[in-house]
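Data block below; observations after.
A short reminder: the numbers here are calculations on the coordinates, not readings from a lab. Owing to the predicted nature of the structure, the values given are computational and were not obtained by experimental measurement. Cβ placement follows ideal geometry from the backbone for every residue including glycine, while neighbour counts extend to all protein chains displayed.
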Amino acid sequence: MINFFFITIIFTLNTFFLFSQEISENDLMRFEIKKKVIKYHKQINFNKAQHFFFKKEWDSTLVYSMKQLSNRNTLELSNYCHYFRAISFFEKKIIKEAKKEFNLISSNFKFYYKVNFSLGEIALEQREFDIALSHFNAIEYLNKDFYDFKKSTVFHNLGLCYLHLAKYDKSEEYLFKSAKLQEIEKDTLLFISSYMDIANLYYIQYKDNQAIPYFEKAYNLSKKIKSFDLKRAAAKNMAAVEENRKNFQAALIYRKEYEAWKDSLSDQNKVWAIADLEKKFAVKQKQKEVNVLAAENKAKIAERNGFLISSVLLFVLLGTGVYFYRQKIKNNKIILAQKNELDELNATKDKLFSIVSHDLRSSVNALKVSNGMLLENLENKNYAELDVLLHKNSSIAGGAYNLLDNLLNWALLQTQQAYFFQESLHLATIVQHVEYNYKPLMLNKNIDFKNDVATSDHVFADLDSLKIIIRNFLDNAIKFSKENGTISIYSRPSSEEFCYLVIEDTGLGMNEATRKELLKETILLSKKQNDDIIGTGLGMQLCKSLIRKNEGKLDIESEQQVGTKIIIALPKFKNNG
């Protein structure tokens, strides 16, 4: 009988297992992080990560803390970023990732006691009581000046750990310590929860006479609070106590009370909603009365001041009418210009969707057909043909990937969401980074590649957009080059203002009309000239927009069946040398 009752009580208590583990406002940490923002003022991603962390926008916190971690950081910065990520994952209930981030934090982190506290909470929730105990023991004796959470919470959690580890004397010691502090702090909600845990402790040891008074105390205290959840739990526990005593009439009363509190929670929500509506209605009524009184007052003033005021008002109204008429004409012109721009953007969007969907469908269909041929040749063990098909699949997938990548960057640029920061960049190093990713494609077509970019050139540009520009033009050079062709990247003599980067190929080239079309200042997409090669013209438009954003220039020299030269002019970094 006692065992059955114990199971009932422990089930009820689990509802509030982590209720006592709320952490107060992190004022100390907020102050320290603001000092770090000043110290590391050049670390833009860290500044954004801490900003979103305190606003509790966890997804944005994860994005910018990850960006910061991808850079070279001091151990101090890394610790803060891992802490931001750990708390974000914890709040999003992604416990596995939260633990991983907590464990990446160095033990000399100034707020490592908070790491121990959080890891203890996680272990307690996952019923890893030995692990939870080790974390809470590590912060049990911290100086009270270091706490920005309640010490009674640590004692409570230690008591729960010992309770589940069947170390009842230690559990009793810490639960009573916690209850004593909660009584001093006048924290009635946690006090009720502590009484329930103490009662549970005694029931496990078959000390019914000691356990039941604490359930009664918890029940009596629950009458003084507004938490319907605790009221319901206390009533349900008393029902179980009376059932165990065979006092079924009293148990039925508690059961009815439990159901009443359950219904009250629903009713209270309805009452609050009605009260909110009544409040809004009353505010509107008062506002109407205020408006009526204001109108009456204005009328009396107008009557008292007579014809002079009326003449002045008439003059003001006339002037206001003229002003608004002119504003209306001006606004109509602005709206018309915006409408034309919007129509042009919509036309671009529609054309983009049409071309991209057509090319993606073509790519997927080509992969589907090629995969069918792969299976057929695999069955026939035609390995030579398999190699050709695999290379073809790789080329199709690469083209589709580049298309989607350009689409994403184009969308970010059009919606002004792309991160843009101009700085001094060593041009030769950037070209080498991009070249490394395209060497396999050039080897596949047996293309001879030459890199003669001057090591003295430093440009003032945004790193990500410069890589996108070089990557797209190099990809086009490979795409339109024939087998055994040549691609060269080199510097032309620079001017006082610009460095010139040339990407030259011996590919298909283009006629003069196409060259001029590509250089036009337009947001419309170019048409494809070769349906066998995946391309929407989106990459060229993206490159032109990014070059323009970097205050650079673009020129093209080309001849059909001879080759093409892409000339990119980028601003020099004037402080260099």
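For this structure, a couple of remarks:
- All other residues whose Cβ lies under 14 angstrom from that of Lys544 are scored, Lys and Arg at +1 and Asp and Glu at -1, for a net of +2.
- Scattering from region 421-571 was approximated by placing one identical point on each alpha carbon and applying the Debye formula without solvent; log10 I(q)/I(0) at 0.16, 0.21 1/Å stands at -0.87, -1.52.
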